[in-house]
Amino acid sequence: MNPFNVAKFGGTSVANAAAMNNCANIVLANPATRLVVLSASSGVTNLLVALAQGELDEGEREAQLGKLADIQQSILQDLGQPSEASAIIHGLLGDIRKMALQATQQTDAELADRLIACGELMSTRLFTELLCQRGVKAQWQDARQLLRTDSRFGKASVDLGASRVLCQQALAPLLGDTLIITQGFIGADGDGRTTTLGRGGSDYSAALFAEALDAATIEIWTDVPGIYTTDPRLVTRARPIPEISFSEAAEMATFGAKVLHPSTLQPAVRRDIPVFVGSSKDPQAGGTWIRASTQSSPLFRAVALRRQQVLVTLHSLNMFHAYGFLAEVFGILARHRISVDLITTSEVSVSLTLDHTGSQSNGEPVLGDKVLAELGQLCKVNVETGLALVALIGNRMSEATGVGSRVFDAMRDHNIRMICYGASAHNLCFLVNEGEANQIVNRLHQELLD
Ligand code: ADP
Ligand code: ASP
Ligand code: MG
(Lines give C-alpha, C1' and ligand atoms only; values in the text may rest on other atoms or scores of the structure.)
(Ligands and ions follow the chains in the order given, each with its own letter.)
Protein backbone atom coordinates (compact mmCIF):
# COMPACT_ATOMS: atom_id res chain seq x y z
CA MET A 1 0.00 0.00 0.00
CA ASN A 2 1.38 3.43 -1.00
CA PRO A 3 1.52 6.16 1.65
CA PHE A 4 -2.05 7.27 2.06
CA ASN A 5 -4.08 10.06 3.62
CA VAL A 6 -7.03 10.06 6.04
CA ALA A 7 -9.40 13.00 5.44
CA LYS A 8 -11.89 14.12 8.09
CA PHE A 9 -14.76 16.52 7.41
CA GLY A 10 -16.58 18.27 10.25
CA GLY A 11 -20.25 19.14 10.72
CA THR A 12 -20.44 22.32 8.62
CA SER A 13 -18.49 20.58 5.85
CA VAL A 14 -21.27 17.98 5.53
CA ALA A 15 -24.20 20.25 6.45
CA ASN A 16 -25.97 19.84 3.08
CA ALA A 17 -25.48 18.40 -0.40
CA ALA A 18 -23.59 21.45 -1.72
CA ALA A 19 -21.14 21.30 1.18
CA MET A 20 -20.78 17.54 0.69
CA ASN A 21 -19.95 18.16 -2.97
CA ASN A 22 -17.08 20.43 -1.90
CA CYS A 23 -15.81 17.58 0.30
CA ALA A 24 -16.04 15.17 -2.62
CA ASN A 25 -13.96 17.61 -4.74
CA ILE A 26 -11.33 17.74 -2.01
CA VAL A 27 -11.24 13.94 -1.69
CA LEU A 28 -10.92 13.48 -5.44
CA ALA A 29 -8.21 16.14 -5.73
CA ASN A 30 -5.87 14.06 -3.57
CA PRO A 31 -5.45 10.52 -4.92
CA ALA A 32 -3.65 9.57 -1.69
CA THR A 33 -6.92 9.93 0.26
CA ARG A 34 -8.23 6.41 0.88
CA LEU A 35 -10.18 6.80 4.11
CA VAL A 36 -12.79 9.50 4.78
CA VAL A 37 -14.09 10.16 8.29
CA LEU A 38 -17.21 12.26 8.77
CA SER A 39 -19.01 14.08 11.57
CA ALA A 40 -22.78 14.37 11.69
CA SER A 41 -24.24 17.22 9.60
CA SER A 42 -24.11 20.55 11.41
CA GLY A 43 -26.63 20.84 14.27
CA VAL A 44 -27.59 17.15 14.19
CA THR A 45 -25.61 16.04 17.26
CA ASN A 46 -27.09 18.88 19.33
CA LEU A 47 -30.60 17.82 18.33
CA LEU A 48 -29.83 14.19 19.21
CA VAL A 49 -28.30 15.14 22.58
CA ALA A 50 -31.46 17.08 23.46
CA LEU A 51 -33.59 14.04 22.55
CA ALA A 52 -31.32 11.70 24.51
CA GLN A 53 -31.71 13.79 27.66
CA GLY A 54 -35.39 12.78 27.62
CA GLU A 55 -36.66 16.04 29.10
CA LEU A 56 -38.65 17.37 26.15
CA ASP A 57 -42.43 17.29 26.11
CA GLU A 58 -44.17 15.71 23.15
CA GLY A 59 -44.47 18.93 21.16
CA GLU A 60 -40.82 19.84 21.65
CA ARG A 61 -39.76 16.31 20.80
CA GLU A 62 -41.74 16.34 17.58
CA ALA A 63 -40.22 19.70 16.67
CA GLN A 64 -36.68 18.32 17.17
CA LEU A 65 -37.50 15.18 15.19
CA GLY A 66 -38.94 17.36 12.43
CA LYS A 67 -35.74 19.45 12.24
CA LEU A 68 -33.64 16.30 12.05
CA ALA A 69 -35.78 14.82 9.30
CA ASP A 70 -35.64 18.11 7.35
CA ILE A 71 -31.83 18.13 7.32
CA GLN A 72 -31.68 14.57 5.99
CA GLN A 73 -34.59 15.04 3.61
CA SER A 74 -33.06 18.11 1.99
CA ILE A 75 -29.86 16.17 1.23
CA LEU A 76 -31.81 13.19 -0.07
CA GLN A 77 -33.83 15.50 -2.29
CA ASP A 78 -30.66 17.03 -3.79
CA LEU A 79 -29.43 13.50 -4.42
CA GLY A 80 -32.67 12.70 -6.31
CA GLN A 81 -34.27 10.54 -3.56
CA PRO A 82 -32.09 7.45 -4.20
CA SER A 83 -34.13 4.46 -3.06
CA GLU A 84 -31.54 2.48 -1.07
CA ALA A 85 -30.08 5.46 0.79
CA SER A 86 -33.58 6.89 1.43
CA ALA A 87 -34.69 3.60 2.96
CA ILE A 88 -31.64 3.49 5.24
CA ILE A 89 -32.06 7.12 6.36
CA HIS A 90 -35.78 6.66 7.03
CA GLY A 91 -34.97 3.51 8.98
CA LEU A 92 -32.50 5.46 11.12
CA LEU A 93 -34.98 8.31 11.63
CA GLY A 94 -37.50 5.69 12.81
CA ASP A 95 -34.94 4.26 15.26
CA ILE A 96 -34.23 7.77 16.55
CA ARG A 97 -37.92 8.38 17.16
CA LYS A 98 -38.25 5.14 19.14
CA MET A 99 -35.13 5.78 21.20
CA ALA A 100 -36.19 9.39 21.89
CA LEU A 101 -39.47 8.11 23.33
CA GLN A 102 -37.63 5.50 25.38
CA ALA A 103 -35.37 8.26 26.75
CA THR A 104 -38.40 10.10 28.15
CA GLN A 105 -39.22 7.04 30.24
CA GLN A 106 -35.73 6.31 31.46
CA THR A 107 -32.52 8.05 30.48
CA ASP A 108 -29.44 5.94 30.43
CA ALA A 109 -26.01 6.58 29.06
CA GLU A 110 -25.98 3.54 26.82
CA LEU A 111 -29.23 4.51 25.13
CA ALA A 112 -27.93 8.08 24.75
CA ASP A 113 -24.84 6.91 22.86
CA ARG A 114 -26.89 4.66 20.59
CA LEU A 115 -29.15 7.61 19.81
CA ILE A 116 -26.40 10.21 19.38
CA ALA A 117 -24.37 7.93 17.07
CA CYS A 118 -27.17 8.07 14.48
CA GLY A 119 -25.98 11.50 13.29
CA GLU A 120 -22.71 10.12 11.94
CA LEU A 121 -24.42 6.97 10.65
CA MET A 122 -26.71 9.16 8.51
CA SER A 123 -24.12 11.65 7.19
CA THR A 124 -21.79 8.84 6.08
CA ARG A 125 -24.61 7.00 4.27
CA LEU A 126 -25.52 10.19 2.40
CA PHE A 127 -21.93 11.03 1.48
CA THR A 128 -21.25 7.50 0.23
CA GLU A 129 -24.33 7.80 -1.98
CA LEU A 130 -23.14 11.18 -3.30
CA LEU A 131 -19.72 9.75 -4.19
CA CYS A 132 -21.25 6.74 -5.92
CA GLN A 133 -23.49 9.06 -7.93
CA ARG A 134 -20.34 10.91 -9.01
CA GLY A 135 -18.91 7.64 -10.29
CA VAL A 136 -16.43 7.13 -7.44
CA LYS A 137 -15.86 3.64 -6.10
CA ALA A 138 -16.71 4.16 -2.43
CA GLN A 139 -17.75 1.82 0.37
CA TRP A 140 -19.57 2.66 3.61
CA GLN A 141 -17.99 1.16 6.71
CA ASP A 142 -19.42 0.95 10.22
CA ALA A 143 -16.84 2.49 12.60
CA ARG A 144 -18.22 0.36 15.42
CA GLN A 145 -16.50 -2.59 13.80
CA LEU A 146 -13.21 -0.68 13.81
CA LEU A 147 -12.86 1.22 17.08
CA ARG A 148 -12.99 -0.91 20.22
CA THR A 149 -13.61 1.08 23.39
CA ASP A 150 -14.37 0.51 27.05
CA SER A 151 -17.99 0.84 28.19
CA ARG A 152 -17.78 4.36 29.52
CA PHE A 153 -20.69 5.73 27.53
CA GLY A 154 -20.47 9.42 26.71
CA LYS A 155 -16.68 9.52 26.76
CA ALA A 156 -15.30 6.10 26.05
CA SER A 157 -11.58 5.28 26.04
CA VAL A 158 -10.19 3.51 23.01
CA ASP A 159 -8.40 0.16 23.20
CA LEU A 160 -5.57 0.93 20.78
CA GLY A 161 -4.32 -2.63 20.39
CA ALA A 162 -7.72 -4.16 19.68
CA SER A 163 -8.69 -1.29 17.35
CA ARG A 164 -5.48 -1.68 15.36
CA VAL A 165 -6.20 -5.37 14.79
CA LEU A 166 -9.81 -4.61 13.77
CA CYS A 167 -8.79 -1.81 11.39
CA GLN A 168 -6.01 -3.85 9.82
CA GLN A 169 -8.28 -6.85 9.31
CA ALA A 170 -11.29 -4.97 7.96
CA LEU A 171 -9.73 -2.09 6.05
CA ALA A 172 -6.14 -2.74 5.04
CA PRO A 173 -7.10 -5.19 2.25
CA LEU A 174 -9.71 -2.74 0.84
CA LEU A 175 -7.80 0.54 0.85
CA GLY A 176 -5.96 -0.01 -2.43
CA ASP A 177 -9.20 -0.84 -4.19
CA THR A 178 -11.93 1.46 -2.91
CA LEU A 179 -12.44 4.65 -0.98
CA ILE A 180 -13.74 3.91 2.52
CA ILE A 181 -16.25 6.23 4.20
CA THR A 182 -16.70 5.86 7.94
CA GLN A 183 -17.96 7.71 11.01
CA GLY A 184 -15.98 9.78 13.41
CA PHE A 185 -16.93 10.02 17.11
CA ILE A 186 -18.36 6.51 17.52
CA GLY A 187 -17.08 3.07 18.44
CA ALA A 188 -18.29 -0.03 20.25
CA ASP A 189 -17.38 -1.81 23.47
CA GLY A 190 -16.42 -5.49 23.71
CA ASP A 191 -20.11 -6.48 23.76
CA GLY A 192 -20.78 -4.58 20.54
CA ARG A 193 -22.65 -1.77 22.32
CA THR A 194 -22.34 1.66 20.66
CA THR A 195 -20.13 4.18 22.47
CA THR A 196 -19.06 7.77 21.74
CA LEU A 197 -15.73 9.49 22.33
CA GLY A 198 -16.98 12.84 23.68
CA ARG A 199 -18.12 15.97 21.83
CA GLY A 200 -16.01 16.93 18.86
CA GLY A 201 -14.49 13.44 18.86
CA SER A 202 -14.41 12.93 15.07
CA ASP A 203 -11.00 14.61 14.80
CA TYR A 204 -9.70 12.10 17.33
CA SER A 205 -11.28 9.19 15.41
CA ALA A 206 -9.53 10.28 12.21
CA ALA A 207 -6.18 10.32 13.98
CA LEU A 208 -6.88 6.93 15.58
CA PHE A 209 -7.68 5.39 12.17
CA ALA A 210 -4.54 6.95 10.70
CA GLU A 211 -2.46 5.45 13.51
CA ALA A 212 -4.08 2.02 13.25
CA LEU A 213 -3.57 1.88 9.49
CA ASP A 214 -0.12 3.52 9.35
CA ALA A 215 -1.33 6.44 7.25
CA ALA A 216 1.18 9.03 6.04
CA THR A 217 -0.96 12.15 6.62
CA ILE A 218 -4.19 13.30 8.25
CA GLU A 219 -6.32 16.14 6.89
CA ILE A 220 -8.87 17.86 9.12
CA TRP A 221 -11.27 19.84 6.92
CA THR A 222 -13.39 22.35 8.79
CA ASP A 223 -14.91 25.83 8.37
CA VAL A 224 -11.70 27.86 8.83
CA PRO A 225 -8.54 27.77 6.70
CA GLY A 226 -6.26 26.46 9.43
CA ILE A 227 -5.40 27.03 13.06
CA TYR A 228 -5.42 30.73 13.89
CA THR A 229 -3.52 32.75 16.47
CA THR A 230 -6.82 32.66 18.38
CA ASP A 231 -10.45 31.85 17.62
CA PRO A 232 -11.21 34.07 14.59
CA ARG A 233 -14.80 34.40 15.83
CA LEU A 234 -13.46 36.17 18.89
CA VAL A 235 -10.68 38.32 17.51
CA THR A 236 -11.05 39.70 14.00
CA ARG A 237 -7.31 40.29 13.68
CA ALA A 238 -6.49 36.62 14.35
CA ARG A 239 -4.36 35.13 11.54
CA PRO A 240 -3.85 31.59 10.27
CA ILE A 241 -0.62 29.88 11.34
CA PRO A 242 1.01 28.12 8.34
CA GLU A 243 3.03 25.66 10.44
CA ILE A 244 2.88 24.73 14.13
CA SER A 245 4.51 22.03 16.25
CA PHE A 246 2.66 19.06 17.73
CA SER A 247 3.36 20.38 21.23
CA GLU A 248 1.96 23.84 20.58
CA ALA A 249 -1.11 22.55 18.72
CA ALA A 250 -1.76 19.98 21.46
CA GLU A 251 -1.67 22.75 24.08
CA MET A 252 -4.08 24.81 21.99
CA ALA A 253 -6.48 21.91 21.60
CA THR A 254 -6.27 21.05 25.31
CA PHE A 255 -6.93 24.62 26.34
CA GLY A 256 -10.00 25.17 24.23
CA ALA A 257 -9.15 25.80 20.56
CA LYS A 258 -12.24 23.98 19.33
CA VAL A 259 -10.75 23.50 15.87
CA LEU A 260 -9.15 20.26 17.16
CA HIS A 261 -10.48 17.79 19.71
CA PRO A 262 -8.00 17.72 22.63
CA SER A 263 -6.91 14.10 22.03
CA THR A 264 -6.41 14.40 18.26
CA LEU A 265 -2.68 14.85 18.33
CA GLN A 266 -1.88 11.93 20.61
CA PRO A 267 -2.05 9.28 17.85
CA ALA A 268 -0.35 11.66 15.39
CA VAL A 269 2.54 12.22 17.81
CA ARG A 270 2.90 8.50 18.57
CA ARG A 271 3.39 7.73 14.86
CA ASP A 272 4.79 11.09 13.77
CA ILE A 273 1.98 11.68 11.27
CA PRO A 274 1.75 15.29 10.02
CA VAL A 275 -1.74 16.81 10.30
CA PHE A 276 -3.15 19.42 7.92
CA VAL A 277 -6.06 21.70 8.93
CA GLY A 278 -7.92 23.52 6.17
CA SER A 279 -11.31 24.87 5.08
CA SER A 280 -13.58 22.64 3.01
CA LYS A 281 -15.36 25.78 1.77
CA ASP A 282 -12.11 27.27 0.54
CA PRO A 283 -9.43 24.61 0.06
CA GLN A 284 -7.36 27.03 -2.07
CA ALA A 285 -6.90 29.28 0.97
CA GLY A 286 -4.25 26.91 2.34
CA GLY A 287 -4.12 25.94 5.98
CA THR A 288 -1.94 24.81 8.85
CA TRP A 289 0.53 21.94 8.90
CA ILE A 290 1.10 20.45 12.33
CA ARG A 291 4.43 18.59 12.57
CA ALA A 292 7.01 17.37 15.04
CA SER A 293 9.29 20.34 14.35
CA THR A 294 8.77 23.64 12.63
CA GLN A 295 10.90 26.34 10.99
CA SER A 296 9.91 29.01 13.48
CA SER A 297 9.14 28.71 17.19
CA PRO A 298 8.02 32.14 18.38
CA LEU A 299 7.86 32.95 22.08
CA PHE A 300 4.13 33.74 21.78
CA ARG A 301 2.18 31.75 19.23
CA ALA A 302 -1.52 31.81 20.13
CA VAL A 303 -4.20 32.36 22.77
CA ALA A 304 -6.82 29.75 23.61
CA LEU A 305 -9.97 30.13 25.68
CA ARG A 306 -12.05 27.58 27.52
CA ARG A 307 -15.28 28.76 29.08
CA GLN A 308 -17.40 27.25 31.87
CA GLN A 309 -14.56 26.36 34.18
CA VAL A 310 -15.14 25.37 37.77
CA LEU A 311 -12.81 26.28 40.62
CA VAL A 312 -12.95 23.90 43.57
CA THR A 313 -11.24 25.05 46.76
CA LEU A 314 -10.62 22.43 49.44
CA HIS A 315 -9.88 23.72 52.89
CA SER A 316 -8.68 21.62 55.78
CA LEU A 317 -6.68 22.42 58.88
CA ASN A 318 -5.45 18.81 58.88
CA MET A 319 -3.49 19.64 55.78
CA PHE A 320 -1.04 21.76 57.72
CA HIS A 321 2.27 19.89 57.61
CA ALA A 322 0.45 16.62 57.01
CA TYR A 323 0.98 14.15 54.22
CA GLY A 324 -1.46 12.07 52.23
CA PHE A 325 -4.22 14.71 52.01
CA LEU A 326 -3.72 15.40 48.32
CA ALA A 327 -3.45 11.69 47.63
CA GLU A 328 -6.90 11.22 49.16
CA VAL A 329 -8.37 14.11 47.18
CA PHE A 330 -6.92 12.84 43.91
CA GLY A 331 -8.03 9.31 44.80
CA ILE A 332 -11.65 10.49 44.99
CA LEU A 333 -11.35 12.45 41.73
CA ALA A 334 -9.68 9.51 40.00
CA ARG A 335 -12.44 7.12 41.09
CA HIS A 336 -14.97 9.47 39.49
CA ARG A 337 -12.72 9.87 36.45
CA ILE A 338 -12.47 13.63 36.86
CA SER A 339 -9.36 15.20 35.45
CA VAL A 340 -7.86 18.25 37.07
CA ASP A 341 -6.41 21.05 34.98
CA LEU A 342 -4.74 23.61 37.19
CA ILE A 343 -3.78 23.33 40.80
CA THR A 344 -2.43 25.75 43.41
CA THR A 345 -1.84 25.13 47.09
CA SER A 346 -1.48 27.13 50.29
CA GLU A 347 -0.84 26.04 53.84
CA VAL A 348 -4.36 24.84 54.51
CA SER A 349 -6.11 24.84 51.18
CA VAL A 350 -5.84 23.55 47.66
CA SER A 351 -7.54 25.02 44.59
CA LEU A 352 -8.24 22.93 41.53
CA THR A 353 -9.88 23.80 38.24
CA LEU A 354 -12.07 21.36 36.38
CA ASP A 355 -13.25 21.52 32.83
CA HIS A 356 -17.01 21.83 32.93
CA THR A 357 -17.70 22.31 29.25
CA GLY A 358 -19.70 19.08 29.11
CA SER A 359 -17.16 17.30 26.95
CA GLN A 360 -19.12 14.11 27.56
CA SER A 361 -21.30 13.39 24.56
CA ASN A 362 -24.46 13.22 26.66
CA GLY A 363 -23.90 16.61 28.34
CA GLU A 364 -23.64 15.17 31.89
CA PRO A 365 -21.87 17.54 34.33
CA VAL A 366 -18.45 16.39 35.52
CA LEU A 367 -18.87 17.36 39.15
CA GLY A 368 -21.76 15.29 40.45
CA ASP A 369 -23.29 15.31 43.96
CA LYS A 370 -21.57 12.04 44.83
CA VAL A 371 -18.07 13.48 44.32
CA LEU A 372 -18.94 16.58 46.32
CA ALA A 373 -20.25 14.42 49.17
CA GLU A 374 -17.07 12.33 49.22
CA LEU A 375 -14.82 15.39 49.17
CA GLY A 376 -17.02 16.94 51.86
CA GLN A 377 -16.14 14.05 54.21
CA LEU A 378 -12.50 15.06 53.94
CA CYS A 379 -12.56 18.84 54.06
CA LYS A 380 -14.58 22.00 53.50
CA VAL A 381 -15.41 22.32 49.81
CA ASN A 382 -16.13 25.55 47.97
CA VAL A 383 -17.21 25.52 44.33
CA GLU A 384 -17.05 28.63 42.14
CA THR A 385 -18.42 28.82 38.62
CA GLY A 386 -18.62 31.59 36.00
CA LEU A 387 -14.91 31.33 35.23
CA ALA A 388 -12.90 30.91 32.05
CA LEU A 389 -9.43 29.63 31.38
CA VAL A 390 -7.23 31.71 29.10
CA ALA A 391 -4.05 30.02 27.88
CA LEU A 392 -1.19 31.78 26.20
CA ILE A 393 0.66 29.27 24.01
CA GLY A 394 4.24 29.61 22.80
CA ASN A 395 7.79 28.29 23.07
CA ARG A 396 10.48 28.40 25.78
CA MET A 397 8.11 30.52 27.84
CA SER A 398 9.43 29.25 31.14
CA GLU A 399 13.05 30.08 30.15
CA ALA A 400 12.74 33.47 28.50
CA THR A 401 13.13 36.59 30.61
CA GLY A 402 10.48 39.28 30.71
CA VAL A 403 7.56 36.98 29.86
CA GLY A 404 5.83 37.73 33.17
CA SER A 405 6.09 41.49 32.87
CA ARG A 406 4.76 41.58 29.29
CA VAL A 407 1.88 39.29 30.08
CA PHE A 408 0.92 40.94 33.37
CA ASP A 409 1.13 44.34 31.75
CA ALA A 410 -1.38 43.18 29.14
CA MET A 411 -3.61 41.91 31.97
CA ARG A 412 -3.33 45.12 34.01
CA ASP A 413 -7.03 46.00 33.93
CA HIS A 414 -8.27 42.55 34.88
CA ASN A 415 -8.62 40.40 37.94
CA ILE A 416 -6.69 37.12 37.71
CA ARG A 417 -8.27 34.42 39.85
CA MET A 418 -5.47 31.85 39.45
CA ILE A 419 -2.27 31.38 37.43
CA CYS A 420 -0.39 28.35 36.20
CA TYR A 421 3.08 28.87 34.83
CA GLY A 422 6.24 26.82 34.63
CA ALA A 423 4.95 23.27 34.29
CA SER A 424 5.19 23.50 30.51
CA ALA A 425 7.48 25.61 28.35
CA HIS A 426 4.54 25.97 25.99
CA ASN A 427 1.85 27.62 28.07
CA LEU A 428 0.87 30.15 30.68
CA CYS A 429 -2.71 29.87 31.95
CA PHE A 430 -5.00 32.24 33.83
CA LEU A 431 -8.35 31.68 35.40
CA VAL A 432 -10.48 34.79 34.93
CA ASN A 433 -14.10 35.89 35.23
CA GLU A 434 -16.00 34.53 32.28
CA GLY A 435 -17.58 37.93 31.62
CA GLU A 436 -14.17 39.47 30.94
CA ALA A 437 -12.74 36.57 28.92
CA ASN A 438 -13.40 37.96 25.42
CA GLN A 439 -11.84 41.27 26.33
CA ILE A 440 -8.80 39.56 27.85
CA VAL A 441 -8.22 37.37 24.81
CA ASN A 442 -8.47 40.43 22.57
CA ARG A 443 -6.06 42.39 24.76
CA LEU A 444 -3.48 39.58 24.95
CA HIS A 445 -3.70 39.11 21.20
CA GLN A 446 -3.32 42.82 20.54
CA GLU A 447 -0.31 43.24 22.85
CA LEU A 448 1.53 39.97 22.26
CA LEU A 449 0.49 38.61 18.87
CA ASP A 450 -0.60 41.47 16.59
P1 ADP B 1 -15.88 21.00 12.80
O2 ADP B 1 -17.36 20.91 12.84
O3 ADP B 1 -15.33 21.09 11.42
O4 ADP B 1 -15.20 19.97 13.64
P5 ADP B 1 -15.52 22.96 14.89
O6 ADP B 1 -16.67 23.93 15.03
O7 ADP B 1 -15.44 21.85 15.85
O8 ADP B 1 -15.52 22.43 13.39
O9 ADP B 1 -14.13 23.75 14.92
C10 ADP B 1 -13.94 24.87 14.07
C11 ADP B 1 -14.12 26.15 14.85
O12 ADP B 1 -13.11 26.23 15.86
C13 ADP B 1 -13.93 27.42 14.06
O14 ADP B 1 -15.11 27.82 13.41
C15 ADP B 1 -13.47 28.42 15.11
O16 ADP B 1 -14.51 29.28 15.53
C17 ADP B 1 -13.07 27.55 16.31
N18 ADP B 1 -11.73 27.88 16.79
C19 ADP B 1 -11.40 28.08 18.09
N20 ADP B 1 -10.11 28.39 18.22
C21 ADP B 1 -9.58 28.38 16.97
C22 ADP B 1 -8.28 28.64 16.45
N23 ADP B 1 -7.26 28.96 17.25
N24 ADP B 1 -8.10 28.54 15.13
C25 ADP B 1 -9.12 28.22 14.30
N26 ADP B 1 -10.37 27.98 14.74
C27 ADP B 1 -10.62 28.06 16.05
N1 ASP C 1 -20.84 15.07 15.83
C2 ASP C 1 -20.05 15.07 17.04
C3 ASP C 1 -20.23 16.39 17.78
O4 ASP C 1 -20.94 17.27 17.32
C5 ASP C 1 -18.61 14.77 16.81
C6 ASP C 1 -17.87 15.78 15.97
O7 ASP C 1 -18.47 16.63 15.32
O8 ASP C 1 -16.63 15.71 15.95
O9 ASP C 1 -19.71 16.53 18.84
MG1 MG D 1 -14.94 19.82 15.71
Which of the residues spanning the stretch 136-159 are in a loop (DSSP other than H, G, I, E, B), closer than 21 Å to A172 by Cα and free of Cβ contacts under 8 Å to residues at least 60 places away in the same chain? K137, D142, D159
Could you check the stretch 91-135 and list, in sequence order, the residues that are part of a loop (DSSP other than H, G, I, E, B), at pLDDT 95 or above and open to solvent by 30 Å² or more (accessible area, probe 1.4 Å)? R134, G135
Scanning the stretch 385-433 residue by residue, those closer than 13 Å to L311 by Cα and open to solvent by 50 Å² or more (accessible area, probe 1.4 Å) turn out to be T385, R417, I419, N433
What's the number of the only condition in (1) of a type in the set (A, V, I, L, M, F, W, C); (2) in contact with a Lys or Arg (Cβ under 7 Å, 6 or more places away or on another chain); (3) at pLDDT 95 or above that F255 fails to meet? (3)
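Can you say whether A69 is touching an Asp or Glu at 6+ places or on another chain (Cβ under 6 Å) and of a type outside the set (K, R), as far as the supplied structure shows?
It is false that A69 is touching an Asp or Glu at 6+ places or on another chain (Cβ under 6 Å) and of a type outside the set (K, R).
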For residues that are open to solvent by 10 Å² or more (accessible area, probe 1.4 Å), away from ligand 3 (no atom under 14 Å from the Cβ) and more than 28 Å from N2 (Cα to Cα), tally how many sit in the stretch 199-237. 5
Looking at the stretch 290-305, I want the residues that are more than 16 Å from ligand 1 (Cβ to nearest atom) and have a partner that is modelled with pLDDT under 95 with Cβ atoms under 7 Å, at least 6 apart or on another chain. Which pairs are those? L299/R396; L299/M397; L299/A400
Any hit, the stretch 187-195, residues being more than 16 Å from ligand 3 (Cβ to nearest atom), buried (at least 22 other Cβ atoms within 10 Å of the Cβ), of a type in the set (G, A, S) and within 22 Å of the chain's Cα centre (by Cα): yes
Per the filter on the stretch 136-176, residues surrounded by 15 or more Cβ atoms within 10 Å (Cβ to Cβ), over 22 Å from the mean Cα position of the chain (by Cα) and of a type outside the set (A, V, I, L, M) are Q139, W140
Here is a check on your reading of the model: is S339 surrounded by fewer than 18 Cβ atoms within 10 Å (Cβ to Cβ), small (G, A, S) and within 22 Å of V432 (Cβ to Cβ)? yes
Scanning the stretch 254-278 for residues that are within 13 Å of ligand 3 (Cβ to nearest atom) and of a type outside the set (K, R) gives G256, A257, V259, L260, H261, P262, S263, T264, V277
What pairs can you find where one residue is in the stretch 4-27 and within 20 Å of S74 (Cα to Cα) and open to solvent by less than 30 Å² (accessible area, probe 1.4 Å), the other is of a type in the set (D, E) and not in a helix (DSSP H, G or I), and their Cβ atoms are less than 8 Å apart, with a gap of 6+ or different chains? G10/D223; S13/D223
Only one of V36, V14, V49, V27 is within 11 Å of ligand 1 (Cβ to nearest atom) and at negative phi. Can you tell me which? V14
Going by what's in this entry, would L38 be described as within 16 Å of ligand 3 (Cβ to nearest atom) and of a type outside the set (V, I, T)? yes
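The values are calculated or read from the model by the stated rules, or taken from the named source; none is laboratory data. These numbers come from a predicted model, not from an experiment. We place every Cβ from the backbone using ideal geometry, glycine too, and count neighbours over all the protein chains shown. Only protein heavy atoms, including side chains, enter the accessible area calculation; ligands, DNA and RNA are left aside. Shrake-Rupley method; radii C 1.70, N 1.55, O 1.52, S 1.80 Å.
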